[in-house]
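Just below is one structure, and these are the notes that go with it.
The values are calculated or read from the model by the stated rules, or taken from the named source; none is laboratory data. Model, not experiment: these values are computed from the prediction. Heads up, the Cβs are rebuilt from the backbone with ideal geometry, glycines too, and the neighbour counts pull from every protein chain shown. Just so you know, the surface numbers come from the protein's heavy atoms only, side chains and all, with ligands and any DNA or RNA stripped out. Shrake-Rupley method; radii C 1.70, N 1.55, O 1.52, S 1.80 Å.
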Amino acid sequence: MIKEVHVFIERGGDDRLMREIVQALHPEFLQQPGLRLVRHDVPDWPGEPFTMAAIQLRLQGNIVLTTGNCLVQDGSAYGKRLYLVMLKN
C-alpha cells in the first residue's frame, strides 16, 4: 500500500495541477484515506530524476529512498516533465 506520493513537476505547478496528475495516473490513490500528496517544483530538470528525488527527499524530510521502499513513474503532462515517487508503507 502507498502512504505518500511525491510529485516532482518541471518548472513547478500548483496543488490543483498535482491533484489532476494523480487523478489521471492513479485515481485509486485519491480514494485512499490518509494518503499524503506532496508537490515539488523543479526549476531545472535533471538528467537523473531518481537521484534528484532521493537527494531532495533526504534533505527535506529525512526520507531515504531505496528500490525497495518506493515505486517511481515518469511522464509528462501540460508540456511539463513529471516524476512520481510513491512511498510504500
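Listed values, structure above:
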{"quantity": "Computed lengthening from Glu20 to Lys88, 0.36 nm per intervening residue step minus Cα-Cα distance", "calculated": "22.4 nm"}
{"quantity": "Computed E for Gln60/Met1 - FRET, C-beta separation, R0 35 angstrom, nearest 0.05", "calculated": "0.95"}
{"quantity": "Solvent exposure of the chain as accessible area per residue, Å², 1.4 Å probe", "calculated": "59 Å²"}
{"quantity": "Percent of Cα pairs exceeding the 23 Å cut-off, where the set is the chain", "calculated": "16 percent"}
